[in-house]
Amino acid sequence: MPPAGAASSPRLVWDVSELGESLLTALFPHLAGLRVHRVEDIVHTVVISASCRAGGASCPRCGQESARVHGGYSRVIADGAAGGRPVLIVLQVRRFRCGNPGCTAVTFAEQAAGLSERYRRRSVPLLGMLAGFGLELAGRAAARLAGTLGIAVHPATVLRLIAAAGEPEVAAAPEVLGVDDFALAKGQVYGTVLVDMRTGDVIDLLPDREAASFEAWLTAHPGATVICRDRAGNYAEGARAGAPDAIQVADRWHLWHNLAEYAGKTVAAHRGCLKDQPGGDAPGPADTLEQEPPGQAEGVQVPPDGFLDACGRERRLVARTRERYAEIRGRLDAGESLSGISRATGLDRKTVQRFARAGSAEELLGKATSRE
Ligand SMILES: [Zn+2]
């Protein structure tokens with residue numbers, strides 16, 4: 001397979017008859033329907049000149065076969081890279097005259113099956129590959145990966161390909177259905193994700209986390225016998241109405257997550273109590289790590305109310321509660337509604353209500369820090 005061009009030339013041309021059609025088809029199986037005339041290496045780009053093998057083509061509008069050639073032109077289609085080099089297919093396309101007198105298409109251009117599509121400047125296999133990258137990695141990472149393989153593509157193009165692929169149809173709910181919320185904009189907008197708990201596959205997304213949306217989905221997709229959910233009320237209500245026979249279970253992740261969170265908070269709140277225990281005044285790891293200035297650390301008595309941490313500083317919860325209380329009071333005094341404050345602060349409406357009802361920040365803190 002000696003290159004016909006001189007070694008110093010940037011343009012190398014291979015004689016395809018010498019290359020052997022079977023080898024070419026083995027390397028580029030999607031070109032099997034084409035007659036390849038020439039393969040060139042032009043400045044590190046593989047350029048394949050080809051035309052369709054078929055004698056005629058069927059009209060895309062009426063489906064009638066035609067072999068009456070009206071004219072032709074060449075189009076360039078980008079294909080998957082070969083050995084890290086971009087591949088371009090220069091395809092000689094014939095325009096046929098449609099023989100059906102009742103057809104509105106007078107002439108039509110042929111398409112290479114499995115390779116070209118109308119208006120597309122990339123080959124069908126390349127489009128499929130880019131959409132696959134996009135589904136795994138989303139736009140920007142997919143475009144970067146394609147770049148390392150010698151395929152130039154814009155992230156927005158990858159996203160358009162994913163959108164064009166459409167969503168897989170969900171006929172029925174899986175036997176064990178998982179439901180949870182996810183943030184589209186943290187603290188502001190939430191959606192719902194539905195998961196097949198046996199396979200771990202995401203099967204559908206809902207635009208909000210309302211009970212009614214979940215209920216409507218369950219009604220349209222029957223079949224769930226177990227519904228795995230978080231501890232919030234909305235999904236419980238939706239599941240009761242949409243799949244009354246299904247067993248509802250709290251999923252293990254949420255149980256462990258909530259337990260760990262509360263165990264951490266409780267231990268931190270009662271850390272002061274450890275000092276009263278026999279041997280409790282030996283410095284723990286946190287005490288030795290926190291290098292307090294001597295004057296400040298000495299003489300600090302940790303009160304048992306849990307407002308201060310073990311180093312005598314105001315706990316984060318305390319500072320945050322005071323800040324929130326002041327902000328919500330200020331907004332209420334300015335005449336804002338509970339819902340308006342909830343939107344502005346990103347806090348749940350029930351939380352805002354709790355703050356609005358409390359007489360002071362200390363009242364709220366009393367409840368939060370004096371739990372057994
Ligand atoms: Zn036609």
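The values are calculated or read from the model by the stated rules, or taken from the named source; none is laboratory data. All values derive from a computational prediction rather than experimental measurement. Counting neighbours? That spans all protein chains shown, and the Cβs are built from the backbone with ideal geometry, glycine included. All accessible areas refer to the heavy atoms of the entire protein, side chains included, with ligands and DNA or RNA removed. Shrake-Rupley method; radii C 1.70, N 1.55, O 1.52, S 1.80 Å.
Quick notes on this one:
- Residues that are farther than 19 Å from Val195 by Cα and either touching a helix residue (DSSP H, G or I) at 6+ places or on another chain (Cβ under 9 Å) or open to solvent by less than 30 Å² (accessible area, probe 1.4 Å) (or both), drawn from the range 161-177: Leu161, Ile162, Ala164, Ala165
- Filtered residue count, the range 237-251, keeping only those that are within 26 Å of the chain's Cα centre (by Cα), over 16 Å from Leu206 (Cα atoms) and not in a strand (DSSP E or B): 1
- Test for Glu136: is it acidic (Asp, Glu), surrounded by fewer than 14 Cβ atoms within 10 Å (Cβ to Cβ) and free of Cβ contacts under 8 Å to residues at least 40 places away in the same chain: yes
- Across the range 91-114, the qualifying residues are those that are aliphatic (A, V, I, L, M), modelled with pLDDT of 90 or more and within 37 Å of the chain's Cα centre (by Cα), and the one among them that is farthest from Arg53 (Cα to Cα) is Leu91.
- Evaluation of Ala156 against the conditions (1) under 30 Å from His44 (Cβ atoms); (2) under 18 Å from the mean Cα position of the chain (by Cα); (3) crowded, with 17+ Cβ neighbours inside 10 Å shows that the sole unmet condition is (3).
- Hits in the range 46-81 (condition: under 38 Å from the mean Cα position of the chain (by Cα) and in contact (Cβ under 8 Å) with a residue 60 or more places away in the chain): Ala78, Gly80, Ala81
- Residue in the range 55-74 that is of a type in the set (Phe, Trp, Tyr) and closer than 19 Å to Arg118 by Cα present: yes
- All positions within the range 126-151 that are among the hydrophobic types (A, V, I, L, M, F, W, C) and either within 16 Å of the ligand (Cβ to nearest atom) or in contact with a strand residue (DSSP E or B) (Cβ under 7 Å, 6 or more places away or on another chain) (or both): Leu126, Met129, Leu149, Ile151
- As a summary of the residue check, Ala152 satisfies the conditions (1) part of a helix (DSSP H, G or I); (2) more than 30 Å from Trp217 (Cβ to Cβ); (3) in contact (Cβ under 8 Å) with a residue 12 or more places away in the chain; (4) out of contact with any Leu (no Cβ under 8 Å at 6 or more places or on another chain) except for the one numbered (1).
- Within the range 207-228, tally of residues that are within 13 Å of Ala173 (Cβ to Cβ) and either open to solvent by 30 Å² or more (accessible area, probe 1.4 Å) or not in a helix (DSSP H, G or I) (or both): 12
- The criterion of being in contact (Cβ under 8 Å) with a residue 24 or more places away in the chain and under 20 Å from Asp348 (Cα atoms) holds for Glu237.
- Cβ-Cβ contacts under 6 Å between residues 6 or more apart (or on different chains), taken from a first residue in the range 347-368 that is open to solvent by less than 90 Å² (accessible area, probe 1.4 Å) to a second residue that is outside any helix (DSSP H, G or I), are listed as Leu364/Ala358.
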